[in-house]
Amino acid sequence: MWPVLSTFPQGLSALSRQGMEIISSSTLRRVLTTKVASAVRSTAPVASAAATASASATPTGPSPSVTLKPGVQPSLAESGLAEAEAFLSGTNANVLEEMYELWCREPSKVHGSWQAFFRNVETNAPLGRSAEMLSRTQQERVSRAAPSVTEGRDVLEVARDTVKVMAMIRAFRHRGHLVADLDPLKLFSSGEHYVPGYAAYAELNPGRVRYDLSPASYGFTDADMDRIFYVGGDLPGRPLRTLREIHSMLMSSYCGKIGFEYRHILSKEEKDWIASRVEIFGPMYRFAPAEKRVIMHDLAEGELFEKFLSYKFATAKRFGLEGAESIIAGLQAMLERGSELGLQNLILGMPHRGRLNVLGQVVKKPLAQIFHEFNPDEGRTREYLAGGTGDVKYHLGTSADRTLRSGRRMHLSLVANPSHLEAVNPVVVGKTRAKQFFTGDVERRQTMAVLLHGDASFAGQGVVAETLELSDLRDYTTGGTFHLVINNQIGFTTDPKHARSSPYPTDVAKCVGVPIFHVNGDDAEAVVHVCRLATEYRQRFRKDVVVDVFCYRRHGHNEMDQPSFTQPLMYQKIRNHPTPMQIYSHRLVNEGVMQPSEVQQLRDHLMQRFESNFADAKHWKPRDTDWLSSHWQGFKSEHQLSRIQETGVSVDMLHRVGSALCTVPDTFHLHPQLRKVLHHRQEMMDTGAGIDWAMAEQLAFGTLMCEGTHVRLSGQDSERGTFSQRHAVLVDQQNEENYVPLHHIAGEPPVTGQFRVCNSSLSEFAVLGFEVGYSLESPNALVMHEAQFGDFMNNAQVIIDQFIASGEKKWRRQCGLTMLLPHGYGGQGPEHSSARLERYLQLADDDPDELPAELDSDHRMQIQRANLQVVNATTPANYFHVLRRQIHREFRKPLILMTPKELLRHPLCVSSAADFAKDTRFHRVYSECDDKIATGDELRRLVLCQGKVYYELLAERQKRGIEDVALVRVEQIFPFPYDRVAEVLRAYPKAELVWCQEEPKNAGAWFFTHPRILTTLRGLVHEPHGKHRAVQYVGRRPSASPATGIHAIHVAEQQELIDKALR
């Protein structure tokens, strides 16, 4: 390799591989004298249109000594540059600037010849001398260059032109996608796809981009097209290529039916790998005739399924895939290629558009079942729903095992979702992570998440960015999600220019540095190739990848909508546009791959299959076990009695776990304050008394682990605990290594359950959704999400409403997620007081005017028939039991748990070891426990309450010496404990009844408990005066804000409600 030609390309290649964007050439210009700096900024011997636009927009224009006429490019003489340094100007200056920046940081990374040049510049060599000195050191070696490269040219001319070629290659890599042939409809006269921002940013204008990519913009003429340039190390294949070959390959690679965005990625290895798959002299991909027939089959299956539905259910909404049918072929190709690369499980999530098609053709949900759901039998459906509500057919999910064409097996699970677009994203990712855990997929190559998106929602919904930010976090990564955007180029009725500010809907994915492959949805082979490439990238680098399929929506938002009201020109084109199947079948006939008769036979065969399944639909019967996946076998539905289980543990197990919680290695440098905490915990275990909230919690975790249960807790500060109470992870004060006591439980038998506590990103929506998905995968895990403050969970209200509160009733999928929501009024203001208890109670699905059918302990199914549980425990032992109760059941229900703040260190909020022992369980209600308090008819007032206020009432009662007021805690608010409350009411037949709460009257539990207490009095308290007893409210007045922000007012309000309750 001859040195001069190798110096410039190698220097530029080394630079370009650093992954840096084009930057202003201010640094190099500062070094080159003010006159030259100004000239380089504003002039070029052959300046590109982009460079001209940039110069006109830059305040620091040409030197005052230079007068430029409008539209006339300055000459080299006007610039003040020596002729030998002409290559330092214009577009090339950007490339050289990057190399100079690299030389300043790491000189060894730049070729020796460039080092010499920059050193000369740094020593203020006269104009023209820097390059002259450089060339002089290479003169003897120039003669060894290929004659076709150097004939008639000196080394500086060759170097200058080589730099220009490198700049052109770089321009294609960074901006070629902007003028790729992506839009099937050719909505704009120029033929390019629409990119929001044309008006504001001239560099996005397709005409400008096309000029920047042309050899002419770099000073080359037709006479140069057959000149040979050295591109070794920067382009594949032979190191010497003609300019025509180079430009033709770049146009084919970057401006065809696929647009590649990947130069924003930081990893050199990833960029080089993608470039090696894109920059190919010759066709980028070739399909054998047999493969083309497979693509045709998949395309026809997707398109004809939609046509069949339109024939049979002409007036039904189905949110069909028409206009984007090629994604069926792409998804099928992704399955096959993924299977070859080791994938065994796919967890899918998608919106309603195209869902029925994906269910039928990809996931292989029985077509008879899909057809049946258009016109279901009411009686059988009600029986199947078992008291639930069901959902529209295009929200439903399913699971299935598929045998692929290769003969390999793959398990597919499409997660049910609501109409809240993108809300399912974190649920799918969380379910994927759980599947990887339970299958031992530590390398994350066997299970993959696949998310389908709409273009408007991908750009507009914040949960997309939140979920992307989880992608590379230790406790949330799944080894990459395959994203496929169905780019309709429109929202409901909103054009892209009004729907987003970024050029593409997928630009949000750049925040985590993943590749984005845009593709024309009318080119089925291009879609298949891109889906294969994306799958290979995910499996190789275990990162997210985005495929953006430009397509269109043949109908409006749904089949009944009239889109021409708002997009008349777009839909005029769509009406006259051939379908992807018509385009591809015509192509295969022209290529001789298929005969017209074969295309018709394929059509007839598929339509006959659909017709046969349609006939079977009337006989389809749902099975009660349809909701069960493999891990859920043996769990009971809401109509199968699950008896109450004890949740206490042996003393030996309690001490076994407690010992681990109090011990650290001798070599571990523990914080002095934490040493006191562990010493205090050891005292709890030694004495069996004073066990506080944090200790009880970890005892619950550890004992479940000893029983083989996986325990996962996540939240924004969950390792330490928001209130510095948990300390589940200890940090060495000298080297910051972590020590997790629960990972070191000694004794026999060995602990088989794993514990994972996770500090999450500052997200509620995505993280809560993630944990919902995690809990859906298997019932054999205690999955908990902890809010930093319960107040903040309204950021995740969609997940709470759509998945947690109603998921089982809509989709027959049980969920055992536990939500830990710090709650309590301590004067910390409106956003640090209330977990919005009332919102969860409002979601409760029982009738306050009806008593449950069975209330005795042997037949009680009240919780099984409820949609969730709401608990506000007031003792560490009750907290211990309610956590263990989540696992020691034969069914699963979401648990909404109000957790304390002030009670974490309250001297009275403690439990003894006996409260955790065998034959103990969770208490739904705590009755009055003070023997000094009056009983029976002698009691004057009965105060029912929940949460922290109990301890304040207790302290004030003791202070005043009151003995005729009983305090009763309702620990489980929903399902309401009618039987236990009735026992209390019957015990004090003449007492005034008071409900006391800290929250305002329009918040908290009052609105929920009041009618249920009255129902209890009417139905379960049989004294003559029972039905007529009133319940008095004591608490804060109604308020729009949860709490005051003025501490003095808080104290006054709190004292007032205590006084009224005990009065």
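Scanning segment 1017-1037 for residues that are at pLDDT below 95 and either under 30 Å from Pro830 (Cβ atoms) or open to solvent by less than 20 Å² (accessible area, probe 1.4 Å) (or both) turns up Leu1017, Val1021, Gly1026. Residue count for segment 213-237, restricted to those that are farther than 10 Å from Val165 by Cα, of a type outside the set (S, T, N, Q), within 48 Å of the chain's Cα centre (by Cα) and part of a helix (DSSP H, G or I): 2. Candidates in segment 577-618 are the residues that are without any contact (Cβ under 8 Å) to a residue 24 or more places away in the chain and outside any helix (DSSP H, G or I); of these, the one that is nearest to Asn357 (Cα to Cα) is Pro578.
Of Ala1043, Ala1048, Ala982, Ala1061, all but one fail to be among the small types (Gly, Ala, Ser), outside any strand (DSSP E or B), within 28 Å of Pro876 (Cα to Cα) and open to solvent by 10 Å² or more (accessible area, probe 1.4 Å); the exception is Ala1043. Screening Glu598 against (1) more than 22 Å from Pro289 (Cβ to Cβ); (2) of a type outside the set (Val, Ile, Thr); (3) touching a Lys or Arg at 6+ places or on another chain (Cβ under 9 Å) leaves a single unmet condition, (1). Scanning segment 839-854 turns up one or more residues that are basic (Lys, Arg) and either modelled with pLDDT under 90 or part of a helix (DSSP H, G or I) (or both). Across segment 944-979, the number of residues qualifying as over 24 Å from Val870 (Cβ atoms) and open to solvent by 20 Å² or more (accessible area, probe 1.4 Å) comes to 9. Could you tell me whether any residue of segment 676-697 is within 30 Å of Arg813 (Cα to Cα) and surrounded by 16 or more Cβ atoms within 10 Å (Cβ to Cβ)? Yes, that holds for at least one residue. Restricting the search to segment 893-929, which residues are of a type in the set (Val, Ile, Thr) and either crowded, with 20+ Cβ neighbours inside 10 Å or assigned to a loop (DSSP other than H, G, I, E, B) (or both)? Hits for segment 893-929 are Ile896, Thr899, Val910, Thr920. Taking the criterion of being touching a Pro at 6+ places or on another chain (Cβ under 8 Å) and hydrophobic (A, V, I, L, M, F, W, C), the only residue of segment 227-242 that qualifies is Val231. Considering each residue of segment 434-448 in turn, none proves to be under 18 Å from Ser761 (Cβ atoms), touching a Phe, Trp or Tyr at 6+ places or on another chain (Cβ under 8 Å) and touching a residue at least 40 places away in the same chain (Cβ under 8 Å).
Answer yes if at least one residue in segment 239-252 is in a helix (DSSP H, G or I), of a type in the set (S, T, N, Q), open to solvent by less than 10 Å² (accessible area, probe 1.4 Å) and modelled with pLDDT of 90 or more, and no otherwise. Within segment 239-252, not a single residue is in a helix (DSSP H, G or I), of a type in the set (S, T, N, Q), open to solvent by less than 10 Å² (accessible area, probe 1.4 Å) and modelled with pLDDT of 90 or more. Being modelled with pLDDT under 95, of a type in the set (Val, Ile, Thr) and in contact with a strand residue (DSSP E or B) (Cβ under 9 Å, 6 or more places away or on another chain) holds for only one residue in Val427, Val415, and it is Val415.
Give the number of residues within segment 487-525 that are surrounded by fewer than 24 Cβ atoms within 10 Å (Cβ to Cβ) and either touching a Gly at 6+ places or on another chain (Cβ under 6 Å) or among the small types (Gly, Ala, Ser) (or both). Residues flagged as surrounded by fewer than 24 Cβ atoms within 10 Å (Cβ to Cβ) and either touching a Gly at 6+ places or on another chain (Cβ under 6 Å) or among the small types (Gly, Ala, Ser) (or both) within segment 487-525 amount to 6.
Within segment 777-807, the set of residues being surrounded by fewer than 24 Cβ atoms within 10 Å (Cβ to Cβ) and of a type in the set (D, E, K, R) comprises Asp791, Asp801. Determine whether segment 457-472 contains at least one residue that is closer than 22 Å to Arg554 by Cα, over 11 Å from the mean Cα position of the chain (by Cα) and open to solvent by 20 Å² or more (accessible area, probe 1.4 Å). The answer is yes, given that some residue of segment 457-472 is closer than 22 Å to Arg554 by Cα, over 11 Å from the mean Cα position of the chain (by Cα) and open to solvent by 20 Å² or more (accessible area, probe 1.4 Å). Would you mind stating whether Gly191 is in a helix (DSSP H, G or I) and modelled with pLDDT under 90? Judged against the criteria, Gly191 is not a match. If the condition is being out of contact with any Lys or Arg (no Cβ under 8 Å at 6 or more places or on another chain), over 19 Å from Lys676 (Cβ atoms), among the hydrophobic types (A, V, I, L, M, F, W, C) and open to solvent by 40 Å² or more (accessible area, probe 1.4 Å), then segment 715-772 contributes Val751, Leu762.
Across segment 286-305, which residue is surrounded by the most Cβ atoms within 10 Å (Cβ to Cβ) among those that are more than 18 Å from Val589 (Cβ to Cβ) and touching a residue at least 40 places away in the same chain (Cβ under 8 Å)? Per the stated criteria, the residue is Gly302. Restricting Asp561, Asp544 to those that are acidic (Asp, Glu) and over 26 Å from Phe260 (Cβ atoms) reduces the list to Asp561.
Take the conditions open to solvent by 10 Å² or more (accessible area, probe 1.4 Å), touching an Asp or Glu at 6+ places or on another chain (Cβ under 7 Å), in contact (Cβ under 8 Å) with a residue 12 or more places away in the chain and not hydroxyl-bearing (Ser, Thr, Tyr) and apply them to His555. Does it pass? Taking the combined requirement at face value, the residue satisfies it. Is it true that Phe308 is more than 20 Å from Ile486 (Cβ to Cβ), modelled with pLDDT under 95, open to solvent by less than 10 Å² (accessible area, probe 1.4 Å) and not basic (Lys, Arg)? The answer is yes for Phe308.
The values are calculated or read from the model by the stated rules, or taken from the named source; none is laboratory data. Because the structure is predicted, anything quoted here is derived from the model rather than measured. Glycine also receives a Cβ, built like all others from the backbone with ideal geometry; neighbour counts cover every protein chain displayed. Areas reflect the complete protein model, heavy atoms only, side chains present, ligands, DNA and RNA absent. Shrake-Rupley method; radii C 1.70, N 1.55, O 1.52, S 1.80 Å.
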